[in-house]
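J.: I have a structure I would like to understand better, so I am pasting it below and will then ask my questions one at a time.
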Amino acid sequence: MLEVKNLTKRFKDRTALDNVSLRVGEGEVFGYLGPNGSGKTTTMRVLLGLLEPTSGEALLWGKRASQSPEVRRRTGVLLEADGLYPRLTAYDNLDYFARLYSVPDRGPRIARLLEFAGLTSRSHDKVGSFSRGMRRKLGLVRALLHSPDLLMLDEPSAGLDPEAQKMVRDLIVTLSSEAQIAVFLSSHDLDEVQRICGRVAILQHGRIRVCDTLKALQASVGSAGVEVVISDAARTEEAVRLLRSQPDVSAVTSGGDAAISVTLRNAHGAVSLAAVLEASGIGVDELRRSRRSLEEVYLDIVREERRGE
(Lines give C-alpha, C1' and ligand atoms only; values in the text may rest on other atoms or scores of the structure.)
Protein backbone atom coordinates (compact mmCIF):
# COMPACT_ATOMS: atom_id res chain seq x y z
CA MET A 1 0.00 0.00 0.00
CA LEU A 2 2.78 2.44 0.95
CA GLU A 3 6.37 1.87 -0.11
CA VAL A 4 9.45 4.07 0.20
CA LYS A 5 12.54 2.82 -1.62
CA ASN A 6 15.98 4.40 -1.18
CA LEU A 7 14.37 7.82 -0.84
CA THR A 8 16.69 10.82 -0.72
CA LYS A 9 15.62 14.45 -0.55
CA ARG A 10 18.20 17.23 -0.64
CA PHE A 11 17.66 20.95 -0.26
CA LYS A 12 20.28 23.59 -0.98
CA ASP A 13 21.79 23.61 2.48
CA ARG A 14 21.02 20.13 3.83
CA THR A 15 20.00 16.55 3.17
CA ALA A 16 16.57 16.03 4.74
CA LEU A 17 16.24 12.33 3.83
CA ASP A 18 19.10 9.95 3.20
CA ASN A 19 18.33 6.60 1.55
CA VAL A 20 15.11 5.90 3.50
CA SER A 21 13.23 2.64 2.85
CA LEU A 22 10.06 1.27 4.50
CA ARG A 23 6.72 -0.41 3.75
CA VAL A 24 3.24 -0.19 5.26
CA GLY A 25 0.57 -2.81 4.55
CA GLU A 26 -3.22 -2.82 4.48
CA GLY A 27 -4.82 -2.33 7.89
CA GLU A 28 -1.49 -1.58 9.59
CA VAL A 29 -0.96 1.25 12.08
CA PHE A 30 2.64 2.35 11.53
CA GLY A 31 4.41 4.80 13.83
CA TYR A 32 6.97 7.16 12.31
CA LEU A 33 9.08 8.72 15.06
CA GLY A 34 12.02 11.04 15.42
CA PRO A 35 13.22 14.35 16.89
CA ASN A 36 12.20 17.67 15.37
CA GLY A 37 14.01 18.18 12.08
CA SER A 38 14.67 14.47 11.54
CA GLY A 39 12.75 14.34 8.24
CA LYS A 40 9.32 12.96 9.23
CA THR A 41 7.21 15.71 7.65
CA THR A 42 9.45 15.78 4.58
CA THR A 43 8.78 12.06 4.09
CA MET A 44 5.04 12.64 4.25
CA ARG A 45 5.21 15.57 1.84
CA VAL A 46 7.15 13.50 -0.69
CA LEU A 47 4.67 10.62 -0.35
CA LEU A 48 1.80 13.04 -0.97
CA GLY A 49 3.43 14.53 -4.05
CA LEU A 50 3.95 17.95 -2.44
CA LEU A 51 7.73 17.59 -2.84
CA GLU A 52 9.65 15.78 -5.54
CA PRO A 53 12.35 13.33 -4.39
CA THR A 54 15.99 13.94 -5.27
CA SER A 55 16.35 10.19 -5.84
CA GLY A 56 14.54 6.98 -4.93
CA GLU A 57 10.80 6.39 -4.89
CA ALA A 58 7.85 7.14 -2.63
CA LEU A 59 4.84 5.16 -3.83
CA LEU A 60 1.21 4.68 -2.80
CA TRP A 61 -0.32 1.57 -4.36
CA GLY A 62 2.69 1.45 -6.67
CA LYS A 63 2.20 4.98 -8.02
CA ARG A 64 3.42 8.49 -7.29
CA ALA A 65 0.71 10.63 -5.74
CA SER A 66 1.78 13.60 -7.90
CA GLN A 67 0.96 11.59 -11.02
CA SER A 68 -2.24 9.82 -9.93
CA PRO A 69 -5.56 11.50 -8.99
CA GLU A 70 -6.84 8.07 -7.95
CA VAL A 71 -4.06 7.73 -5.35
CA ARG A 72 -4.92 11.15 -3.93
CA ARG A 73 -8.60 10.22 -3.77
CA ARG A 74 -7.83 7.12 -1.69
CA THR A 75 -5.68 9.03 0.84
CA GLY A 76 -6.81 11.06 3.83
CA VAL A 77 -4.36 13.60 5.24
CA LEU A 78 -3.94 15.62 8.41
CA LEU A 79 -0.64 17.49 8.51
CA GLU A 80 0.58 19.88 11.20
CA ALA A 81 -1.12 22.68 9.24
CA ASP A 82 -4.73 21.45 9.19
CA GLY A 83 -5.66 23.02 5.84
CA LEU A 84 -8.95 24.45 7.13
CA TYR A 85 -10.35 27.82 6.02
CA PRO A 86 -10.79 30.10 9.08
CA ARG A 87 -13.44 32.34 7.47
CA LEU A 88 -15.70 29.39 6.66
CA THR A 89 -17.85 27.60 9.21
CA ALA A 90 -17.09 24.04 10.28
CA TYR A 91 -19.96 22.75 8.12
CA ASP A 92 -18.92 24.80 5.09
CA ASN A 93 -15.32 23.59 5.37
CA LEU A 94 -16.48 19.97 5.26
CA ASP A 95 -19.04 20.70 2.53
CA TYR A 96 -16.33 22.29 0.37
CA PHE A 97 -14.04 19.25 0.65
CA ALA A 98 -16.98 16.86 0.19
CA ARG A 99 -17.73 18.54 -3.14
CA LEU A 100 -14.06 18.27 -4.20
CA TYR A 101 -14.12 14.53 -3.51
CA SER A 102 -17.65 14.01 -4.90
CA VAL A 103 -18.79 12.48 -1.61
CA PRO A 104 -22.29 11.00 -2.04
CA ASP A 105 -25.02 12.06 0.43
CA ARG A 106 -22.61 14.62 1.79
CA GLY A 107 -25.13 16.35 4.08
CA PRO A 108 -25.86 13.30 6.28
CA ARG A 109 -22.21 12.25 6.28
CA ILE A 110 -21.03 15.71 7.38
CA ALA A 111 -23.65 15.71 10.15
CA ARG A 112 -22.48 12.28 11.39
CA LEU A 113 -18.83 13.32 11.43
CA LEU A 114 -19.54 16.59 13.24
CA GLU A 115 -21.52 14.66 15.85
CA PHE A 116 -18.71 12.13 16.22
CA ALA A 117 -16.20 14.94 16.81
CA GLY A 118 -18.49 16.66 19.31
CA LEU A 119 -18.77 19.74 17.10
CA THR A 120 -22.46 19.72 16.17
CA SER A 121 -23.22 22.75 18.33
CA ARG A 122 -20.39 24.69 16.63
CA SER A 123 -21.09 23.53 13.08
CA HIS A 124 -22.16 27.02 11.93
CA ASP A 125 -19.37 28.90 13.71
CA LYS A 126 -16.37 30.12 11.77
CA VAL A 127 -13.31 27.94 12.21
CA GLY A 128 -11.20 31.01 13.00
CA SER A 129 -12.96 31.15 16.40
CA PHE A 130 -12.07 27.51 17.25
CA SER A 131 -9.44 26.42 19.77
CA ARG A 132 -6.47 24.39 18.54
CA GLY A 133 -8.06 21.20 19.86
CA MET A 134 -11.35 21.88 18.07
CA ARG A 135 -9.54 22.60 14.81
CA ARG A 136 -7.57 19.37 15.24
CA LYS A 137 -10.77 17.34 15.61
CA LEU A 138 -12.32 19.04 12.59
CA GLY A 139 -9.16 18.40 10.59
CA LEU A 140 -9.32 14.72 11.48
CA VAL A 141 -12.91 14.30 10.35
CA ARG A 142 -12.06 16.21 7.16
CA ALA A 143 -9.37 13.57 6.50
CA LEU A 144 -12.05 10.85 6.95
CA LEU A 145 -14.74 12.62 4.93
CA HIS A 146 -14.22 10.70 1.66
CA SER A 147 -13.69 7.25 3.27
CA PRO A 148 -9.99 6.85 2.39
CA ASP A 149 -8.03 3.58 2.36
CA LEU A 150 -4.94 5.22 3.86
CA LEU A 151 -4.68 7.88 6.57
CA MET A 152 -1.53 9.96 6.91
CA LEU A 153 -1.55 11.76 10.26
CA ASP A 154 1.01 14.23 11.57
CA GLU A 155 0.57 14.78 15.33
CA PRO A 156 -3.19 14.07 15.24
CA SER A 157 -3.62 14.47 19.02
CA ALA A 158 -1.73 17.75 19.38
CA GLY A 159 -3.77 20.24 21.40
CA LEU A 160 -6.45 17.72 22.39
CA ASP A 161 -7.64 17.08 25.94
CA PRO A 162 -7.26 13.51 27.35
CA GLU A 163 -10.82 12.53 26.43
CA ALA A 164 -10.36 13.67 22.83
CA GLN A 165 -6.97 11.94 22.65
CA LYS A 166 -8.63 8.68 23.63
CA MET A 167 -11.30 9.28 21.00
CA VAL A 168 -8.61 9.62 18.34
CA ARG A 169 -6.78 6.48 19.54
CA ASP A 170 -9.98 4.43 19.57
CA LEU A 171 -10.92 5.70 16.12
CA ILE A 172 -7.54 4.74 14.65
CA VAL A 173 -7.71 1.23 16.13
CA THR A 174 -11.28 0.76 14.85
CA LEU A 175 -10.43 1.99 11.36
CA SER A 176 -7.44 -0.35 11.21
CA SER A 177 -9.07 -3.49 12.61
CA GLU A 178 -12.58 -3.22 11.17
CA ALA A 179 -12.24 -1.15 8.00
CA GLN A 180 -8.68 -2.30 7.16
CA ILE A 181 -7.57 1.29 6.70
CA ALA A 182 -3.81 1.72 6.94
CA VAL A 183 -2.55 4.54 9.18
CA PHE A 184 0.83 6.23 8.81
CA LEU A 185 1.24 8.11 12.08
CA SER A 186 3.90 10.67 12.93
CA SER A 187 3.81 11.66 16.58
CA HIS A 188 5.90 12.82 19.54
CA ASP A 189 3.40 11.20 21.91
CA LEU A 190 5.26 7.93 22.49
CA ASP A 191 2.60 6.60 24.86
CA GLU A 192 -0.01 7.06 22.12
CA VAL A 193 2.21 5.28 19.59
CA GLN A 194 2.91 2.40 21.98
CA ARG A 195 -0.82 1.88 22.54
CA ILE A 196 -1.91 1.67 18.91
CA CYS A 197 1.02 0.95 16.56
CA GLY A 198 2.16 -2.52 15.56
CA ARG A 199 5.42 -1.40 13.95
CA VAL A 200 7.50 1.73 14.26
CA ALA A 201 10.44 3.36 12.53
CA ILE A 202 12.74 5.82 14.30
CA LEU A 203 14.25 8.46 12.05
CA GLN A 204 17.20 10.66 12.93
CA HIS A 205 19.13 13.11 10.72
CA GLY A 206 17.19 11.81 7.71
CA ARG A 207 18.12 8.16 8.25
CA ILE A 208 16.09 5.31 9.68
CA ARG A 209 17.87 3.98 12.74
CA VAL A 210 15.47 1.08 13.39
CA CYS A 211 12.27 -0.26 11.82
CA ASP A 212 10.59 -3.21 13.52
CA THR A 213 7.68 -4.40 15.62
CA LEU A 214 7.33 -2.86 19.06
CA LYS A 215 7.81 -6.27 20.66
CA ALA A 216 11.10 -6.85 18.84
CA LEU A 217 12.41 -3.37 19.64
CA GLN A 218 11.58 -3.68 23.32
CA ALA A 219 13.43 -7.01 23.44
CA SER A 220 16.56 -6.11 21.49
CA VAL A 221 17.49 -2.43 21.73
CA GLY A 222 19.83 -1.02 24.39
CA SER A 223 20.07 -2.32 27.93
CA ALA A 224 17.84 -5.10 29.26
CA GLY A 225 15.65 -5.05 32.33
CA VAL A 226 14.63 -7.79 34.77
CA GLU A 227 12.63 -7.95 37.97
CA VAL A 228 13.92 -10.03 40.85
CA VAL A 229 11.51 -11.13 43.60
CA ILE A 230 13.31 -12.34 46.72
CA SER A 231 11.91 -14.63 49.42
CA ASP A 232 12.59 -12.36 52.39
CA ALA A 233 11.49 -8.73 52.04
CA ALA A 234 13.50 -7.84 55.16
CA ARG A 235 16.70 -8.40 53.17
CA THR A 236 15.73 -6.13 50.26
CA GLU A 237 18.29 -3.41 51.08
CA GLU A 238 21.06 -6.02 51.32
CA ALA A 239 19.99 -7.53 47.98
CA VAL A 240 19.94 -4.09 46.33
CA ARG A 241 23.51 -3.34 47.51
CA LEU A 242 24.70 -6.72 46.28
CA LEU A 243 23.08 -6.33 42.87
CA ARG A 244 24.50 -2.83 42.40
CA SER A 245 27.99 -4.21 42.90
CA GLN A 246 27.71 -6.52 39.87
CA PRO A 247 29.61 -5.45 36.70
CA ASP A 248 26.69 -6.18 34.32
CA VAL A 249 24.22 -4.08 36.34
CA SER A 250 23.74 -0.40 35.44
CA ALA A 251 20.84 0.46 37.79
CA VAL A 252 18.81 -1.07 40.63
CA THR A 253 15.58 0.29 42.13
CA SER A 254 13.16 -1.00 44.74
CA GLY A 255 9.98 0.26 46.35
CA GLY A 256 10.96 -1.36 49.64
CA ASP A 257 9.14 -4.65 49.08
CA ALA A 258 10.54 -7.95 47.83
CA ALA A 259 10.44 -6.93 44.13
CA ILE A 260 13.64 -5.34 42.78
CA SER A 261 13.98 -3.82 39.29
CA VAL A 262 17.39 -4.27 37.68
CA THR A 263 18.68 -2.64 34.49
CA LEU A 264 21.43 -4.62 32.78
CA ARG A 265 24.07 -3.53 30.31
CA ASN A 266 23.30 -6.65 28.28
CA ALA A 267 20.61 -9.33 28.45
CA HIS A 268 23.10 -12.12 29.24
CA GLY A 269 23.77 -10.61 32.67
CA ALA A 270 20.37 -11.79 33.94
CA VAL A 271 21.57 -15.37 34.19
CA SER A 272 23.96 -14.73 37.10
CA LEU A 273 21.72 -12.52 39.27
CA ALA A 274 19.91 -15.34 41.06
CA ALA A 275 23.16 -17.22 41.67
CA VAL A 276 24.81 -14.13 43.20
CA LEU A 277 21.92 -13.60 45.61
CA GLU A 278 21.56 -17.24 46.58
CA ALA A 279 25.30 -17.50 47.22
CA SER A 280 24.75 -14.87 49.94
CA GLY A 281 21.80 -16.78 51.39
CA ILE A 282 19.09 -14.60 49.79
CA GLY A 283 16.42 -16.80 48.26
CA VAL A 284 14.94 -15.85 44.85
CA ASP A 285 11.28 -16.64 44.23
CA GLU A 286 11.06 -15.23 40.72
CA LEU A 287 13.23 -13.73 37.99
CA ARG A 288 11.36 -12.22 35.05
CA ARG A 289 12.21 -9.92 32.16
CA SER A 290 10.77 -6.42 32.40
CA ARG A 291 9.04 -4.97 29.37
CA ARG A 292 10.75 -1.74 28.34
CA SER A 293 8.62 1.18 27.26
CA LEU A 294 8.81 2.69 23.79
CA GLU A 295 10.07 5.87 25.44
CA GLU A 296 13.08 4.00 26.86
CA VAL A 297 13.81 2.39 23.50
CA TYR A 298 13.48 5.72 21.68
CA LEU A 299 15.73 7.61 24.09
CA ASP A 300 18.38 4.86 23.96
CA ILE A 301 18.52 5.10 20.16
CA VAL A 302 18.55 8.90 20.01
CA ARG A 303 21.19 9.22 22.75
CA GLU A 304 23.37 6.54 21.15
CA GLU A 305 23.36 8.51 17.90
CA ARG A 306 24.27 11.71 19.71
CA ARG A 307 27.12 9.99 21.53
CA GLY A 308 28.37 8.79 18.16
CA GLU A 309 28.41 12.34 16.87
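The values are calculated or read from the model by the stated rules, or taken from the named source; none is laboratory data. As the structure is a computational prediction, the values presented were derived from the model and not from experiment. As a convention, Cβ positions derive from the backbone with ideal geometry for all residues, glycine included, and neighbour counts pool all protein chains shown.
J.: Return the residues of the range 50-91 that are without any contact (Cβ under 8 Å) to a residue 24 or more places away in the chain and not charged (D, E, K, R); say none if nothing qualifies.
T.: The answer is 50, 65, 66, 67, 68, 69, 71, 81.
J.: Oh, and also: Take the residues of the range 282-309 that are assigned to a loop (DSSP other than H, G, I, E, B) and at pLDDT below 85: which is farthest from the chain's Cα centre (by Cα)?
T.: First pass over the range 282-309, keeping only residues assigned to a loop (DSSP other than H, G, I, E, B): 282-283, 290-293, 309.
Retained after the next criterion (residues that are at pLDDT below 85): 290-293, 309.
Values: 290: 22, 291: 18, 292: 16, 293: 13, 309: 25 Å.
By that ranking, first place goes to 309.
Residues checked against (1) closer than 26 Å to residue 292 by Cβ; (2) without any contact (Cβ under 8 Å) to a residue 60 or more places away in the chain:
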site: 128; (1), (2): no, yes
site: 140; (1), (2): no, no
site: 157; (1), (2): yes, yes
site: 166; (1), (2): yes, yes
site: 172; (1), (2): yes, no
site: 180; (1), (2): no, no
site: 201; (1), (2): yes, no
site: 207; (1), (2): yes, no
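J.: When you check residue 80 against the structure, is it part of a helix (DSSP H, G or I), at pLDDT below 95 and surrounded by fewer than 16 Cβ atoms within 10 Å (Cβ to Cβ), yes or no?
T.: Working: part of a helix (DSSP H, G or I): no; at pLDDT below 95: yes; surrounded by fewer than 16 Cβ atoms within 10 Å (Cβ to Cβ): yes.
In short, no.
J.: Working carefully through the options 75, 42, find the one that is more than 19 Å from residue 200 (Cα to Cα) and polar (S, T, N, Q). Lay out the reasoning, then the answer.
T.: Details: 42 fails: more than 19 Å from residue 200 (Cα to Cα).
Going through 75, 42 in turn, the sole match is 75.
J.: Suppose the filter is assigned by TED's automatic domain parsing to the domain that holds residue 37, exposed (fewer than 14 other Cβ atoms within 10 Å of the Cβ) and more than 26 Å from residue 1 (Cα to Cα); does residue 112 pass it? First the steps, then the outcome.
T.: Values: assigned by TED's automatic domain parsing to the domain that holds residue 37: yes; exposed (fewer than 14 other Cβ atoms within 10 Å of the Cβ): yes; more than 26 Å from residue 1 (Cα to Cα): yes.
Here the answer is yes, as residue 112 does meet what is asked.
J.: With 123, 129, 55 as the choices, which residue is modelled with pLDDT of 95 or more and touching a helix residue (DSSP H, G or I) at 6+ places or on another chain (Cβ under 6 Å)?
T.: Values: 129 fails: touching a helix residue (DSSP H, G or I) at 6+ places or on another chain (Cβ under 6 Å); 55 fails: touching a helix residue (DSSP H, G or I) at 6+ places or on another chain (Cβ under 6 Å).
Every option except 123 fails the conditions.
J.: Could you please tell me which pairs satisfy a Cβ distance under 8 Å, a separation of 6+ or placement on different chains, a first residue in the range 35-49 that is outside the structural domain of residue 297 (by TED's automatic domain parsing) and assigned to a helix (DSSP H, G or I), and a second residue that is of a type in the set (Lys, Arg) and at pLDDT 95 or above?
T.: Matching pairs, first to second residue: 42/9; 46/9.
J.: Any residue that is surrounded by fewer than 16 Cβ atoms within 10 Å (Cβ to Cβ), among the basic types (Lys, Arg) and either assigned to a helix (DSSP H, G or I) or at pLDDT 80 or above (or both) - is there at least one of those in the range 236-252?
T.: yes
J.: Does residue 102 count as touching a residue at least 60 places away in the same chain (Cβ under 8 Å), closer than 22 Å to residue 152 by Cβ, of a type in the set (Ser, Thr, Tyr) and in the same structural domain as residue 183 (by TED's automatic domain parsing)? Spell out the reasoning first.
T.: Values: touching a residue at least 60 places away in the same chain (Cβ under 8 Å): no; closer than 22 Å to residue 152 by Cβ: yes; of a type in the set (Ser, Thr, Tyr): yes; in the same structural domain as residue 183 (by TED's automatic domain parsing): yes.
No.
J.: Report yes if some residue within the range 181-198 is within 19 Å of residue 113 (Cα to Cα) and among the polar types (S, T, N, Q); otherwise report no.
T.: First, the residues of the range 181-198 that are within 19 Å of residue 113 (Cα to Cα): 181, 183.
Going one step further and asking which of them are among the polar types (S, T, N, Q), we end up with none.
No, there is no match, as no residue in the range 181-198 is within 19 Å of residue 113 (Cα to Cα) and among the polar types (S, T, N, Q).
J.: With the condition kept exactly as written, say whether any residue in the range 11-18 is assigned by TED's automatic domain parsing to the domain that holds residue 186, surrounded by 15 or more Cβ atoms within 10 Å (Cβ to Cβ), out of contact with any helix residue (DSSP H, G or I) (no Cβ under 7 Å at 6 or more places or on another chain) and touching a residue at least 40 places away in the same chain (Cβ under 8 Å).
T.: We begin by selecting, within the range 11-18, every residue assigned by TED's automatic domain parsing to the domain that holds residue 186; these are 11-18.
Adding the requirement that they be surrounded by 15 or more Cβ atoms within 10 Å (Cβ to Cβ) leaves 15-18.
With out of contact with any helix residue (DSSP H, G or I) (no Cβ under 7 Å at 6 or more places or on another chain) added as a condition, the list becomes 15, 18.
With touching a residue at least 40 places away in the same chain (Cβ under 8 Å) added as a condition, the list becomes 15, 18.
The answer is yes, given that some residue of the range 11-18 is assigned by TED's automatic domain parsing to the domain that holds residue 186, surrounded by 15 or more Cβ atoms within 10 Å (Cβ to Cβ), out of contact with any helix residue (DSSP H, G or I) (no Cβ under 7 Å at 6 or more places or on another chain) and touching a residue at least 40 places away in the same chain (Cβ under 8 Å).
J.: What are the pairs, 6+ residues apart or on separate chains, where a residue within the range 224-239 that is at positive phi has its Cβ under 8 Å from a residue that is among the hydrophobic types (A, V, I, L, M, F, W, C) and surrounded by 14 or more Cβ atoms within 10 Å (Cβ to Cβ)?
T.: Hits for this filter: zero, empty list.
J.: Only residues that are under 20 Å from residue 166 (Cβ atoms), surrounded by 13 or more Cβ atoms within 10 Å (Cβ to Cβ) and not charged (D, E, K, R): list them for the range 131-150, please.
T.: Selection gives 133, 134, 138, 139, 140, 141, 143, 144.
J.: Here's something else I'd like to know. Within the range 27-72, take every residue that is under 13 Å from residue 152 (Cα atoms) and charged (D, E, K, R) and give me the one that is surrounded by the most Cβ atoms within 10 Å (Cβ to Cβ).
T.: Per the criteria, the residue is 40.
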